[in-house]
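The block underneath contains the structure these notes are about, expressed in structure tokens.
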Amino acid sequence: MCGIIGVVGSDDTLATLLEGLTRLEYRGYDSAGIALVRAGETWRARTASGTESVAALKEECLRAPKGFTSGIGHTRWATHGAPEAINAHPHLDCSGNIAIIHNGIIENHTEIKEDLESRGHIFTSVTDSEVLAHLIEEFRAQGLELMEAVRQGLLVVRGAFALAAMDATEPNVIVAARRISPLVVGTAPGATYLASDVPAILDRASAFYAVNDDEIVRLGPEGFRAIDLEGAPVRLHQLSIEWDLETAEKGGHDDFMSKEINEQPNAIRSTLLDRRRKDGTITFDEMRISDDELRDVKRVCLVAAGTSYHSALIAKYAIEKWARLGVDVDISSEYRYRDPIVEVGTLVIGVSQSGETIDTIQATREAQRRGAHVVAISNIVDSSMAREADAVIYTRAGLEVSVASTKAFVAQVAALELLALRLAQLRGTLPESEIDGLFQGLNAVSAQVQAVLDRRENIELVAKELMGAHDFFFIGRHVGFPTALEGALKLKELTYLHAEGYPGGELKHGPLALIEPGVVVIAIATDPAMHEKMLSNLSEVKARGASVVAVATDDDEMIESVADFVLRVPATEPMFTPMVDVVSLQMFAYAVARGLGRNVDRPRNLAKTVTVE
Ligand code: M6R
């Protein structure tokens, strides 16, 4: 995701910005830029050389004029507009005096842009962010100070943002604001700093303050002051930061996995932002496939590996139920060797966090060779799969560092279920009122995921109780089955213990022979329609001596009669349960792995991205 840095009042501005951007590289990015601003002059440099962009920017900045004491810098992770220099931040207004950087998504950018263009504004990028520069320009033209102009601008925009704005006609001031995307202010004698992440300014500032949602901050060399969206003064909360740089990159967590597990509410929220127009149409801006082509789809086939395969399995339930299309799901390494049938109207969806998994790329290539339309679901903008596919939908989970996938999974499920709703909308298989209710429900999931994250202590207690076990069976029904597969995968890759996922109905067809005292059975029991059947599955394994753990909803009063341990989760629409339920399974696997002293970020024998067959 994008990184932000800013400084006012420093005699070392350029070095501060470039070092800060280097420290933000770990977030993942595809382009970078800075703007130096002083009275009557704005100097800007931008580069788009992938992960070499900051290095390239340093070269560009060798020709920067000297003597600037204020500036802003940005690393971009593309969402709207290709990762090219014209789309890199900072963006300027028409006069070239106002420079802005932005992290997040402006949901109503199309309508704002149309309005501004009709009043003569000239846009030079295809980003959603550029509207901010021109909006601020409009309010500055009315004589408002920069802080007030930003506040007025924010009353117009919808969406998520961490932004910073400067204006050469009001020098030595940065105005910053936040909604959803993180932002911190740092102070030191004579200079004030701004960053999306503490590491960027850790060695420059001596005190750090968190900006909360819908707060606007004005930074000057002497310090800062903050207001809310109504213009009332607010105090920023001072953070006690005793981190070294490494801990700071992990957002204060012990490891990337824990950080990424905790980023899941945001991953879902970001993936869903900007996906529905005012008239209710579900839309994917980056998708290069027409509504007519989507309407003509006769059959869907999903190909993926590992965790992405599990999200593909969940998509099958959603697309079949909502869009009434037949769906196959293939493990990508199997797909191209089975001489797949690709008839006219087959849509193949390749699902991959990295977009670089060789088996999945080969599978989507094979599908294209056979005449299928291919959609890539990728977390990395312009990944090989995204470039080669006919269409792409980006999950916006941000860089995932830990080998075990967590936030990419929930973001994939959110994106795929949204695509299922779009297919239903185009095919007329669901009434608009139902689509509306499901869309609202999908948007509520991030809060439900947060509620699970808040129950860490109970999950850790259960993990402690079961630390000595060696065999784990995860069972589920309907979408609870892929959730069970994912829970088992997380446990085995993190702990190296034996863990298998099964459909609950399969127990009697073999696995029951393995159930004895010492074996742990973990059941996904959150779907009311499957509840009775799951209870009888659990009675069967309990009668044979297994220790039973159930993931169950808060209102489930029956579950304790069959479960030794219960991991409670908020109830949600059954199709959305995987995103909520999996979080407790991830945390359980994480806690067991930590208890066993495993390296949770880098499990043995595994790579983050498998690029050889
Ligand atoms: O980048 P991809 O989503 O294509 O990666 C697929 C698998 O390699 C990946 O999900 C792997 O299974 C993870 N280690 C699971 O946690």
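Just so you know, all these numbers are worked out from the coordinates, no wet-lab data involved. As the structure is a prediction and not an experimental result, all values here were calculated from the model. No Cβ is skipped: glycine too gets one built from the backbone with ideal geometry, and neighbour counts run over all protein chains shown.
The figures follow:
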read-out	value
Dipole-positive endmost among V449, C301, P199 within the chain (Cβ charges, Cα centre)	C301
Whole-number percent relative contact order across the stretch 515-560, with pairs defined as alpha carbons under 8 Å at least 6 apart	52
Over the chain, relative contact order from alpha-carbon pairs under 8 Å, at least 6 apart, %	11
Value of relative contact order over the stretch 254-398, rounded to a whole percent, pairs C-alpha under 8 Å and six or more apart	25
Per-residue ³J(HN,Hα) for the stretch 187-195, Karplus 6.51 cos²θ - 1.76 cosθ + 1.60, θ = phi - 60°, Hz, x for Gly and Pro	10, 8, x, x, 9, 10, 10, 9, 7
Members of K407/K608; K316/K508; K464/K608; K407/K464 lying beyond 18 Å, as alpha-carbon distances in this model show	K316/K508; K464/K608; K407/K464
Table column - 3J(HN,Hα) (Hz), the stretch 443-454, Karplus curve with 6.51, -1.76, 1.60, x for Gly and Pro	5, 7, 5, 4, 5, 5, 5, 4, 4, 5, 4, 6
Theoretical ellipticity at 222 nm over the chain - DSSP helices of four or more residues, -39500 (n - 2.57) apiece, nearest 500	-10500 deg cm²/dmol
Length added when fully stretched, Y496-E432, from 0.36 nm per residue minus Cα-Cα	18.4 nm
Calculated FRET value between D339 and L512, using beta carbons and R₀ = 30 Å, to 0.05	0.25
Order by protection proxy (mean Cβ within 10 Å, highest first), peptides 36-44, 261-269, 61-69	261-269, 36-44, 61-69
Förster radius 25 Å - calculated FRET efficiency between R158 and S290, Cβ distance, rounded to 0.05	0.45
Cut-off 14 Å between beta-carbons: net charge of the residues surrounding G190, Lys and Arg +1, Asp and Glu -1	-2
Cα centroid of the stretch 396-469 to Cα centroid of the stretch 28-98, whole Å	35
